[in-house]
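Chemist: Take a look at the following structure, please.
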Amino acid sequence: MRQVSLLGCGFVADLYLRSLQSMEGISVAVVHDRDPARLERFCAHWKLPRADTLEDFLAAVPKGSLVLNLTNPDAHYALNRACLEAGHHVYSEKPLAMDVDEAKALYALAEARGLLLASAPCSVLGEAAQTLGHALRHGVAGTPRVVYAELDDGFIPQAAHRKWLSETGAPWPYEDEFRVGCTLEHAGYYLAWLIAWFGSVRTVVAASAETIPDKTGAGAMAPDLSVATLFFESGVVARLTCSIVAPHDHSIRIVGDRGVLRCDAAWDNAAPVTFAKRLTLRRRLMETPFPRRVRLRGPTHPKVKRWGAAAMNFMLGPAEMLEALRDRRPCRLSAEFALHMTEVTLAIQNAGEHSGAQAMTTRCAPMEPMPWAM
């Protein structure tokens, strides 16, 4: 029996536990949250053992197992560090840290201790992302030239976000979401896919802005819009847009020499992947209006039913780490991958109006595909 321990049991923790129900052979060793009432309610609902203090939690985590850090982003660095210093492997909700230097310090600590360190999101291991990767490797669209990726969520400040509750009644942390920003919260959903396929980003040219003033909550608010052009060392160029302003659009289009690969739902592991071949009809250049669906042969991974806006198995990442530990092999969600994704995301988030071209200081290799997506 492989084990994980949960640090933080707010809104997202219920999504992990619901995903865990679909995975065989993984159990929860212990749970901790700084809110005693929240901790009691969560553990009672899921019938899980709890630790009332952080010190008790770190001591109760089984040796060689994995901590899932599901706390608020501003606590990620300190708690990731505490878990690593206690000798535990760590899977962190995004972002790994709120500062590049802090992320680099976590990377160095994990490397020095011989521990695994990874960061969400893990949808890059899901069927949709792996199907697109398979299509790219097999040249379905020809040589990829440019990628357009959208992560627009609609005019969220006007949504009924106060009524968004998790399975055990935890509220969606809207104030924290507005302060942290949609780029840090969501860019990774497609950025992880892009880095997995194309490797390191060499240069980021981005702009970000707060376009909706007076959002709910106290303190400074993060940009609610960012637009980035990413220059990959492999030669591919991608444009990534994140906002909580523009109408909902989670599409990604990969334009190749032969046509366009497309997926329209970043948060659905089973979202269809299509290919529209480019053709000339009566002197008009176009993509066929009847794209064909690209499919993988055979079974892929356990799926979860849609809950709210997502149909994602949040346990794919922790499961990959546990399997890598068991098999004594490199983990697909490596510390290099997490660090590079963090640096690129922060470069986009903090770009503002005048940052210009930013050279990335970290690197990582493309990700090994899942065995069922070869």
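Chemist: Scan segment 168-176 and tell me whether some residue there is farther than 23 Å from LYS305 by Cβ and surrounded by 20 or more Cβ atoms within 10 Å (Cβ to Cβ).
Modeler: The answer is no; no qualifying residue exists.
Chemist: If you don't mind, there's one more thing I want to ask. Answer with yes or no whether ALA228 is crowded, with 20+ Cβ neighbours inside 10 Å and either within 21 Å of the chain's Cα centre (by Cα) or in contact (Cβ under 8 Å) with a residue 24 or more places away in the chain (or both).
Modeler: Working: crowded, with 20+ Cβ neighbours inside 10 Å: yes; either within 21 Å of the chain's Cα centre (by Cα) or in contact (Cβ under 8 Å) with a residue 24 or more places away in the chain (or both): yes.
Yes: the conditions hold for ALA228.
Here is a yes/no grid of residues against (1) more than 14 Å from THR168 (Cβ to Cβ); (2) modelled with pLDDT of 95 or more; (3) not aliphatic (A, V, I, L, M):
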{"site": "SER5", "(1), (2), (3)": "yes, yes, yes"}
{"site": "VAL12", "(1), (2), (3)": "no, yes, no"}
{"site": "LEU39", "(1), (2), (3)": "no, yes, no"}
{"site": "LEU48", "(1), (2), (3)": "no, yes, no"}
{"site": "LYS63", "(1), (2), (3)": "yes, no, yes"}
{"site": "LEU70", "(1), (2), (3)": "no, yes, no"}
{"site": "VAL90", "(1), (2), (3)": "yes, yes, no"}
{"site": "MET98", "(1), (2), (3)": "yes, yes, no"}
{"site": "TYR107", "(1), (2), (3)": "yes, yes, yes"}
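Chemist: Let me ask you something else. Please indicate, with yes or no, whether at least one residue in segment 200-210 is farther than 30 Å from HIS138 by Cα, part of a loop (DSSP other than H, G, I, E, B) and out of contact with any Gly (no Cβ under 7 Å at 6 or more places or on another chain).
Modeler: Yes, some residue in segment 200-210 is farther than 30 Å from HIS138 by Cα, part of a loop (DSSP other than H, G, I, E, B) and out of contact with any Gly (no Cβ under 7 Å at 6 or more places or on another chain).
Chemist: Is one or more of the residues making up segment 335-352 farther than 21 Å from ALA112 by Cα, in contact (Cβ under 8 Å) with a residue 60 or more places away in the chain and among the acidic types (Asp, Glu)?
Modeler: As a first pass, look at segment 335-352 and keep what is farther than 21 Å from ALA112 by Cα: 344-352.
Next, from what is left, pick out any that are in contact (Cβ under 8 Å) with a residue 60 or more places away in the chain: 344-352.
Subsequent filtering for residues that are among the acidic types (Asp, Glu) retains none.
Looking through segment 335-352, none of the residues is farther than 21 Å from ALA112 by Cα, in contact (Cβ under 8 Å) with a residue 60 or more places away in the chain and among the acidic types (Asp, Glu).
Chemist: Go through segment 347-372 and give me each residue that's of a type in the set (Ser, Thr, Tyr) and either surrounded by 14 or more Cβ atoms within 10 Å (Cβ to Cβ) or outside any loop (DSSP other than H, G, I, E, B) (or both).
Modeler: Taking segment 347-372 and keeping what is of a type in the set (Ser, Thr, Tyr), we get 355, 361-362.
Answer for segment 347-372, where residues must be of a type in the set (Ser, Thr, Tyr) and either surrounded by 14 or more Cβ atoms within 10 Å (Cβ to Cβ) or outside any loop (DSSP other than H, G, I, E, B) (or both): SER355, THR362.
Chemist: Still on this model: Is it fair to say ALA103 is touching an Asp or Glu at 6+ places or on another chain (Cβ under 9 Å), of a type outside the set (Phe, Trp, Tyr) and modelled with pLDDT of 95 or more?
Modeler: On the way: touching an Asp or Glu at 6+ places or on another chain (Cβ under 9 Å): yes; of a type outside the set (Phe, Trp, Tyr): yes; modelled with pLDDT of 95 or more: yes.
Answer is yes for this residue.
Chemist: Right, next: Listed residues GLY199, GLY219; which is more than 18 Å from the chain's Cα centre (by Cα) and at positive phi? Full working, then the answer.
Modeler: Working: GLY199 fails: more than 18 Å from the chain's Cα centre (by Cα).
Step by step, each of GLY199, GLY219 is checked, and only GLY219 is more than 18 Å from the chain's Cα centre (by Cα) and at positive phi.
Chemist: Within segment 161-185, track down each residue that is touching a Ser or Thr at 6+ places or on another chain (Cβ under 9 Å) and within 23 Å of ARG332 (Cβ to Cβ). Outline the logic, then answer.
Modeler: Taking segment 161-185 first, the residues touching a Ser or Thr at 6+ places or on another chain (Cβ under 9 Å) are 161-162, 172, 174-175, 178, 181-184.
LEU184, the sole residue that qualifies.
Chemist: While we're looking at this one, here's another question. Sort out which residues of segment 265-286 are in contact with a Leu (Cβ under 9 Å, 6 or more places away or on another chain) and farther than 26 Å from TYR189 by Cα, and write them in order of number. Reasoning before the result, please.
Modeler: Within segment 265-286, the subset in contact with a Leu (Cβ under 9 Å, 6 or more places away or on another chain) is 266, 269, 273-276, 278-279, 285-286.
Passing the criteria: ARG278, LEU279, LEU285, MET286.
Condition check ((1) buried (at least 21 other Cβ atoms within 10 Å of the Cβ); (2) out of contact with any Gly (no Cβ under 8 Å at 6 or more places or on another chain); (3) within 22 Å of VAL344 (Cβ to Cβ)) across all residues:
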site	(1), (2), (3)
CYS43	yes, yes, no
GLU55	no, yes, no
LEU58	yes, yes, no
THR71	yes, no, no
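Chemist: Of the numbered conditions (1) closer than 24 Å to GLU177 by Cα; (2) touching a Leu at 6+ places or on another chain (Cβ under 9 Å); (3) surrounded by fewer than 21 Cβ atoms within 10 Å (Cβ to Cβ), ARG306 fails exactly one; give the number of that condition.
Modeler: Of everything listed in (1) closer than 24 Å to GLU177 by Cα; (2) touching a Leu at 6+ places or on another chain (Cβ under 9 Å); (3) surrounded by fewer than 21 Cβ atoms within 10 Å (Cβ to Cβ), ARG306 misses just condition (2).
Chemist: I need a count of the residues in segment 224-249 that are farther than 15 Å from GLN358 by Cβ and of a type outside the set (A, V, I, L, M).
Modeler: The qualifying residues number 10.
The values are calculated or read from the model by the stated rules, or taken from the named source; none is laboratory data. Predicted model only: the values in this text are computed from it and were never measured. Glycine gets a Cβ as well: all are built from the backbone with ideal geometry, and neighbour counts include every protein chain shown.
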